[in-house]
Amino acid sequence: MRKLPLHQQRKWFALGLAVVLGLGLAWTFSPGLPVMFGPYASASTKQAGYELFMHEWQPNDPLAHGDGLGPVFNDKSCVACHNQGGVGGGGDNSHNVSTFTVLANSRDGEFHEGTIHANASDPRFTESFELVRNRFPVIKGGTRVEGHCSYMVADVDPLQHGSVQSTALFGAGWIDRISPKAISSNRRGNLISGALREMKLEFDTIPAGRSRVLPDGRIGKFGWKAQFATLDEFVAAACSNELGLGTPKAEQARSLAQPDYTVEDADLNRKQFRALVAFVDTLPRPAEVDLGDARAVQGKELFKQVGCAVCHLPDIGGVRGVYSDFLLHRIVDQNAGGGSSYGPPGRDLPLPPDRPHPDEWKTPPLWGVADSAPYMHDGGASTLESAIGRHGGDAKPVRDAYQKLTRDEQAALVAFLKTLKAPSNAIPVAAK
């Protein structure tokens, strides 16, 4: 075989290198591969997962391989908190979860967070906010003297106390398959469009938000703070924190009152855990339904016009009708109430970059929103109208634009939101 002259070898090498670099750049800035196929599991696996989802757990439960329910828990079954619009829906305020966060400070060390469980399998495991408060009291300020100067230091309360509601799980398997690159690509587009608008002296732009990048580099998609990257991690945490069930993915929650209590065996074995995840993974996705209200067509356009669709992105990563960008946004107006804090918040150490601020929340998917009241992370808005009114922070320009609409236009926008229904083929919840 005849060898090419050196100058032609160099030419082909340079061309090949350019192609490789070009493909690399194209992939880096691309939204990744769209979701092509939906979740699937065998009928027997889904049935086994359904039975676990519906099961009312007890201490030393015969289905468990450990100690069963507890030692601390919030309820006795998955469906108890996920039932609106069918099995797997959201929960009402009676099932809200009490949470706490300890911001990084010089006394207690790094940032950490936890749950104050509503129930315990034994009185000695009982938790309370007072227990947490006694463990993390306010750091008193006062007068400090350095050299010949004295100055006042304010009190620092590292403890943030809040309440979060149970989210609907419909379509969770589709969300699990959304490429992290799609989330990053959308954010990059928001940053560019925001910069271009500011160059035109338009300063009422909606901030781009930020991805929740976990310590291992993955992007979070599940949980109000986007604290879980995958559905199986989310389900494992729910088993641990809400039911006190250990799984192969996470040990059961420890009692704040008796943290040394441990059990060797996980409550769910691998087969049980896979079945439970498969059932949640294959829950049907919500749908946009024609309710015969002509205002909804106009409302969908107004939804885009006022800026709702910037964060509640209709389609992402090949998943249509999800209405979320899965980014963290500062959405709570602290001055207007509705935050999740107790006492004067503060910290004397910087917040780790992978941790969201107290007023940052992941944009919740709006598919199925018509059947998931109450709204917002704490369930503090009983209607769609009040939920829109509580959008402050980054969403203030959108709220202001909505409030400038006529009453008929506002009603049309809400009429559109009411078309985003829970799946019609969701399994009905039997009346008690």
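The values are calculated or read from the model by the stated rules, or taken from the named source; none is laboratory data. From a predicted model like this one, the values you see are computed outputs, not experimental measurements. Note that we place each Cβ from the backbone using ideal geometry, even for glycine, and neighbour counts take in every protein chain shown. To get the accessible areas, we keep the full protein, side chains included, count just its heavy atoms, and leave off ligands, DNA and RNA. Shrake-Rupley method; radii C 1.70, N 1.55, O 1.52, S 1.80 Å.
Observations
- Looking across the stretch 37-89 at every residue that is assigned to a loop (DSSP other than H, G, I, E, B), out of contact with any Gly (no Cβ under 7 Å at 6 or more places or on another chain) and among the hydrophobic types (A, V, I, L, M, F, W, C), the one that is nearest to residue 366 (Cα to Cα) is identified as 87.
- Helices (runs of 4 or more DSSP H) fully within the stretch 224-329 counting 1 or more residues that are of a type in the set (Phe, Trp, Tyr) and farther than 30 Å from residue 401 by Cα: 231-238, 270-281
- Applying the criterion of being among the basic types (Lys, Arg) and in contact (Cβ under 8 Å) with a residue 12 or more places away in the chain to the residues of the stretch 143-181, the residue that is least open to solvent (accessible area, probe 1.4 Å) is 181.
- On inspection, residue 97 fails the criterion of being touching a strand residue (DSSP E or B) at 6+ places or on another chain (Cβ under 6 Å), among the β-branched types (Val, Ile, Thr) and over 30 Å from residue 383 (Cβ atoms).
- Residue in the stretch 202-215 that is touching a Ser or Thr at 6+ places or on another chain (Cβ under 9 Å), part of a helix (DSSP H, G or I) and farther than 13 Å from residue 362 by Cβ present: no
- Qualifying residue in the stretch 134-142 (condition: at pLDDT below 85 and either out of contact with any helix residue (DSSP H, G or I) (no Cβ under 6 Å at 6 or more places or on another chain) or outside any strand (DSSP E or B) (or both)): yes
- Residue 101 touching a Gly at 6+ places or on another chain (Cβ under 8 Å), of a type outside the set (Lys, Arg), surrounded by 14 or more Cβ atoms within 10 Å (Cβ to Cβ) and in a strand (DSSP E or B): yes
- Among residues of the stretch 352-381 that are in contact (Cβ under 8 Å) with a residue 40 or more places away in the chain and closer than 15 Å to residue 394 by Cα, those with a beta-carbon under 7 Å from a residue that is of a type in the set (Phe, Trp, Tyr) and open to solvent by 20 Å² or more (accessible area, probe 1.4 Å) at least six positions away or on a different chain give the pairs 361/224; 362/224.
- Answer residue from the stretch 406-432, given it is in contact (Cβ under 8 Å) with a residue 40 or more places away in the chain, open to solvent by 50 Å² or more (accessible area, probe 1.4 Å) and part of a loop (DSSP other than H, G, I, E, B) and is farthest from residue 294 (Cα to Cα) among those: 429
- Residue, surrounded by the fewest Cβ atoms within 10 Å (Cβ to Cβ), within the stretch 106-133, restricted to residues that are in contact with a Phe, Trp or Tyr (Cβ under 9 Å, 6 or more places away or on another chain) and part of a strand (DSSP E or B): 113
- Taking the criterion of being within 16 Å of residue 266 (Cβ to Cβ) and among the acidic types (Asp, Glu), the residues of the stretch 47-68 that qualify are 61, 67.
- Residue match in the stretch 193-214 (condition: more than 27 Å from residue 397 (Cα to Cα), surrounded by 15 or more Cβ atoms within 10 Å (Cβ to Cβ) and touching a residue at least 40 places away in the same chain (Cβ under 8 Å)): yes
- Selection within the stretch 243-298: residues that are among the acidic types (Asp, Glu) and in contact (Cβ under 8 Å) with a residue 60 or more places away in the chain. The member of this set that is most open to solvent (accessible area, probe 1.4 Å) is 264.
- Subset of the stretch 384-405 [open to solvent by 60 Å² or more (accessible area, probe 1.4 Å) and either β-branched (Val, Ile, Thr) or within 21 Å of the chain's Cα centre (by Cα) (or both)]: 396
- Matching residues in the stretch 143-167 - criterion: being touching a helix residue (DSSP H, G or I) at 6+ places or on another chain (Cβ under 8 Å) and closer than 20 Å to residue 212 by Cβ: 165, 166
- Selection status of residue 365, of a type outside the set (D, E, K, R) and at pLDDT below 95: no
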